[in-house]
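First the structure, in the form of structure tokens, and then the observations on it.
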Amino acid sequence: TVLAVLLGAVAIYLAANWLVVNDRPVASDAVVLLSGELSRPLYGADLYQKGYAPIIYVSRPKLYDQIPNLEKLGIHLKTDEEYYKEILLKKGVPEGAIHFYSDRHVSTVEEAESLKKVLGDRPVRLLVVTSPLHTRRAKAIFEDVLPNAEIFMVATPYEDFATKWWTDQKSTYYVVLETAKTVFYYLGGAFRSTDSPTQRAPASQH
């Protein structure tokens, strides 16, 4: 019992470090920006400017659920990809180097599957940019979905987390969430657009 408690304590303490996989950037065919934090396009632009890749792929995430209701009130929000594009342009990435892909995905699995539709099975080298605590799961997913691609997972330096993650609200949220999602993926699970109640409703009527 004491050993189990000690091992559990060590696992909790090291959880954040285990979630982080940060490869060294290398010359690649493209930079891939996963949707989420705005720290990601900031670093993607840096990699482009340093000559690591000639193009940047930007995924399109699912729109916020309340956008239709807000638009009825005359409130128009920018989409995540619009923010990404604005950041990239402001940091000197030419518009012709920015390529959007995917169709309103809800998960990293769908992001990888959508990119495979663009790239096919040809061998490519990709620099995939995401948040530090998302890197381990994202790398596993992209390597599974794109087996012919070399995947270099790079964590954005514009976003960090507390070493003692349980003392920081945001770090705690992401460590717990990512640990659960990572275990879920390794057990064979994946979140998809068709899982949402609004997507399932029409099918259940037939």
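Hydropathy first: keep DSSP H helices in the chain averaging at least -1.0 on Kyte-Doolittle, then drop any whose Cα extent along the axis falls short of 20 Å, and list what survives.
2-19, 169-186
Which lysines does Lys50 reach when only Cα atoms under 29 Å apart count, and residues fewer than 8 places away in its own chain are ignored?
Leaving aside lysines fewer than 8 places away in the same chain, those within reach of Lys50 are Lys78, Lys85, Lys90, Lys91, Lys116, Lys117, Lys139.
At a 1.4 Å probe radius, carbon and sulfur cover how many percent of the accessible area of the chain?
57
Tell me, in nm to one decimal, what length is gained between Ile67 and Asp144 on full extension, where the rule is 0.36 nm per residue of separation less the Cα-Cα distance?
Net length gain for the segment: 24.4 nm.
Rounded to the nearest 500, what is the chain's calculated 222 nm mean residue ellipticity when only DSSP H runs of at least 4 contribute -39500 (n - 2.57) each, over all residues?
Per the formula, -14500 deg cm²/dmol.
Sequence-distant or interchain residues sharing an amide H contact under 5 Å with His105, placed H: which?
Arg60, Lys62
Using a 10 angstrom Cβ neighbour count of at most 14 plus a DSSP loop assignment to flag exposed trypsin sites (Lys or Arg not before Pro), which longest range of the chain is free of such sites?
Maximal segment without exposed cleavage sites: 79-163.
Which value, in Å², gives the accessible area per residue of the chain when a 1.4 Å probe is used on the protein heavy atoms?
For the chain, the per-residue accessible area is 57 Å².
Average projected area of the Cα convex hull of the chain, in nm²?
Taking a quarter of the hull surface, the average projection is 15.4 nm².
Computed FRET efficiency, Cβ-Cβ of Thr167 and Asn17, R0 22 Å: what is it to the nearest 0.05?
The value I calculate is 0.90.
What are the ³J(HN,Hα) couplings of the stretch 71-76, residue after residue, when phi is run through the Karplus curve with 6.51, -1.76, 1.60 and θ = phi - 60°? Round to Hz, x for glycine and proline.
Along the stretch 71-76, the couplings run 5, 5, 8, x, 9, 10 Hz.
The values are calculated or read from the model by the stated rules, or taken from the named source; none is laboratory data. Computed from a predicted structure; not experimentally measured. When we count neighbours, we look across all protein chains shown, and the Cβ atoms used for this are built from the backbone with ideal geometry, even at glycine. In case anyone asks, the SASA skips ligands and DNA or RNA and just uses the protein heavy atoms, side chains included. Shrake-Rupley method; radii C 1.70, N 1.55, O 1.52, S 1.80 Å.
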